[in-house]
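Some notes on the structure that comes next.
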Amino acid sequence: MPRLRYLLVYMLLSAILVVGMYFYSLQTGLDRLAQTGRVRIDQSSDRLLGQLSSFKQLPNILARHPIVSQAFDQTTDIETVNGFLANTALLSGAREIFIVDPNGEIIAQSHKDATLGLDVANQPYLRAALNGRLGIFATLDADTGARTIFIARASITKPNILKGIVVVSVDIAALEFEWHVDEEALAFFDINDVAFITNRSNLALRRMSEVDKPLKDDRSYTISQLRPFFGHSEGNQFGHALWRFAVNKELPPEALVKSKFIPRLDMTARVFLPTQAAKTAASLQAALVAAILFALGVVLWALMQRRKNLIEQLAIEEAANTSLEARVEKRTQQLKKAQYQLVQAGKLTALGEMSAGISHELNQPLAAMQNYAENGAKLLDRDRIEEAKENFGLINVQINRATRIISSLRAFARREKETIGPVDLQEVIKDSLNLAQSRIKAASVDVQCRTGMASIMVKGGHVRLQQVIINLLTNALDAVEDGSEKRIFIDLTHDSTTSALTIRDTGQGLEDPARVFDPFYSTKDIGSSKGMGLGLSISYGIVGSFGGEMTCRNHPDGGAEFKVELQMATP
Ligand code: ADP
């Protein structure tokens with residue numbers, strides 16, 4: 001759900017950015033367009049004024065010309081003047097040049113027609129000239145209806161006597177001729193909002209305000225000569241006037257309109273700049289931003305999707321792990337239970353074996369005792385007292401044997417309760433040898449103790465270890481007692497973690513090394529006091545309880561070798 005919200009927020013922000021980009025770009029484009037418009041207006045006004053400037057000088061120059069002066073004075077042939085004026089018009093590019101007398105009547109002119117003698121006194125350009133100014137006036141030619149600029153200059157001699165007026169008329173269409181290549185439509189509007197000079201011929205004489213509105217000034221043209229301007233609606237964007245036009249060939253569907261009043265022409269210049277390019281550029285830039293944002297959005301979305309997948313995968317893996325852990329835990333519990341049950345079963349088996357062994361071991365002395373007792377009783381009945389005593393003695397021997405079996409079993413049972421601590425193995429060996437000393441001497445066995453003097457501290461219990469060593473020594477003595485070579489070797493080595501005690505004899509060796517540690521395994525004479533088969537199994541258990549290990553083998557040089565490895569006690 002939050003992803004959908006992110007998407008919506010992203011889309012909203014993107015939309016704002018795209019729209020913002022569009023308007024920013026459009027504003028920049030329109031500002032640039034307005035700047036271009038200002039430049040175009042300045043260029044076009046300068047161009048027009050430049051074109052007019054040569055004509056403005058012409059009346060001045062002509063007024064001072066002798067032929068014109070004679071014409072003013074009417075001292076020359078008018079045909080000559082007309083010819084001169086026609087020549088001058090041809091050379092200068094003026095449409096017409098004519099000379100007006102102080103009464104406002106044309107007295108000479110460049111073109112032969114019926115206007116000679118015409119009274120032009122009321123023409124505005126003449127009124128300005130009569131006031132001593134340069135009369136410039138754009139209007140329609142009375143004869144042809146062509147748009148014309150009249151430039152009039154009065155020739156006044158001292159003391160202030162008006163001799164006449166020279167008028168030059170210029171064809172506006174001729175001026176406009178080179179303007180048609182201009183990119184943007186431009187027109188100079190006169191005081192009545194009539195497009196009088198323009199670079200688009202179809203705009204000429206179109207009136208911006210209502211076409212039948214009374215004319216403000218005497219323009220020498222009539223409303224009937226005017227056409228309405230193209231229908232349009234006016235708007236404004238970022239402070240720029242934007243006009244929309246109905247479909248026409250001259251003006252774009254939408255134009256930024258820039259206007260400026262040109263005092264020297266007494267006209268307002270208006271340029272119509274198409275906004276299409278600026279709008280297209282703005283749309284393109286907005287589209288580019290939209291495309292970039294879209295691509296970015298797709299990448300972000302893909303990343304988010306990947307992250308989501310990853311999270312989901314992790315969650316699945318975690319769930320799988322949790323269930324696996326739970327299964328492992330359950331299995332471990334089951335295994336522990338099974339192990340416990342096995343141990344219990346093992347214990348029961350051991351107990352069973354042991355009971356069988358014990359009953360076997362105890363049965364023999366008991367059977368023997370029963371025998372001796374019965375024999376003893378019979379011998380007493382027959383008064384064979386000495387023999388009966390002997391039997392009682394034998395019963396005693398069997399009792400001793402049973403007692404030993406039981407006491408050994410008690411030791412076997414006790415072993416787990418032994419407390420463990422650092423014990424000096426040298427001391428234990430020494431004590432054990434002392435205890436066995438009488439038997440060693442009696443059997444005249446050569447015991448070679450090569451343990452060194454330094455004390456070696458191991459983990460164990462003094463009495464228990466002594467029991468183990470005495471047991472090993474006893475077995476070794478048993479093994480060598482009847483042999484020809486009677487020797488026992490005791491060696492002790494150690495490293496930082498372990499000590500190793502070996503007791504080797506020169507006896508017959510082990511019959512079955514794999515079984516010597518089994519309880520009740522014995523090769524010794526059962527009836528004798530020696531063979532119980534518990535000594536080594538008890539010793540094995542004691543060493544194991546100290547965290548040590550007991551092994552045996554037949555030595556390559558003959559005889560049995562027992563090795564007791566114990567952990568060194570940390571100081
Ligand atoms: P027991 O000495 O009562 O027989 P042990 O458990 O001490 O019981 O020994 C088990 C058996 O291991 C012995 O009967 C004997 O066969 C064998 N054994 C032990 N020590 C030696 C030895 N040093 N040389 C040969 N056989 C040995």
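The values are calculated or read from the model by the stated rules, or taken from the named source; none is laboratory data. Quick caveat, the model's predicted, so the values are computed rather than measured. All Cβ positions, glycine included, derive from the backbone under ideal geometry; neighbour counts span all protein chains shown. SASA here: full protein model, heavy atoms, side chains in, ligands and nucleic acids out. Shrake-Rupley method; radii C 1.70, N 1.55, O 1.52, S 1.80 Å.
General observations
- Odd one out for residue 521, checked against (1) near the ligand (Cβ under 9 Å from one of its atoms); (2) among the hydroxyl-bearing types (Ser, Thr, Tyr); (3) over 24 Å from residue 546 (Cβ atoms): (3)
- Criterion: without any contact (Cβ under 8 Å) to a residue 24 or more places away in the chain and within 27 Å of residue 62 (Cα to Cα) - qualifying residue of 245, 177: 177
- All conditions in (1) at pLDDT 90 or above; (2) exposed (fewer than 12 other Cβ atoms within 10 Å of the Cβ); (3) within 16 Å of the ligand (Cβ to nearest atom) hold for residue 482, with the sole exception of (1).
- Given (1) loosely packed, with under 15 Cβ neighbours inside 10 Å; (2) under 30 Å from residue 466 (Cβ atoms); (3) at pLDDT 85 or above, index of the condition residue 370 fails: (2)
- Inside region 169-187, residues that are within 25 Å of residue 135 (Cα to Cα), open to solvent by 10 Å² or more (accessible area, probe 1.4 Å) and either in a helix (DSSP H, G or I) or among the polar types (S, T, N, Q) (or both) make up a count of 4.
- Filtered residues of region 538-571 (kept if over 16 Å from residue 470 (Cα atoms), near the ligand (Cβ under 10 Å from one of its atoms) and of a type in the set (Gly, Ala, Ser)): 559
- Any hit, region 260-270, residues being in contact with a Ser or Thr (Cβ under 6 Å, 6 or more places away or on another chain) and without any contact (Cβ under 8 Å) to a residue 24 or more places away in the chain: yes
- For residue 561, the stated conditions hold: it is at pLDDT 95 or above, touching a Lys or Arg at 6+ places or on another chain (Cβ under 6 Å) and not in a loop (DSSP other than H, G, I, E, B).
- Qualifying residue in region 498-512 (condition: part of a loop (DSSP other than H, G, I, E, B), open to solvent by 80 Å² or more (accessible area, probe 1.4 Å) and within 13 Å of the ligand (Cβ to nearest atom)): yes
- Filtering region 182-198 to residues that are under 60 Å from the mean Cα position of the chain (by Cα) and in contact (Cβ under 8 Å) with a residue 12 or more places away in the chain leaves 182, 184, 185, 186, 187.
- Test: residue 526 is modelled with pLDDT of 95 or more and near the ligand (Cβ under 10 Å from one of its atoms): no
- Test: residue in region 154-163 that is surrounded by 13 or more Cβ atoms within 10 Å (Cβ to Cβ), modelled with pLDDT under 90, assigned to a strand (DSSP E or B) and not hydrophobic (A, V, I, L, M, F, W, C): yes
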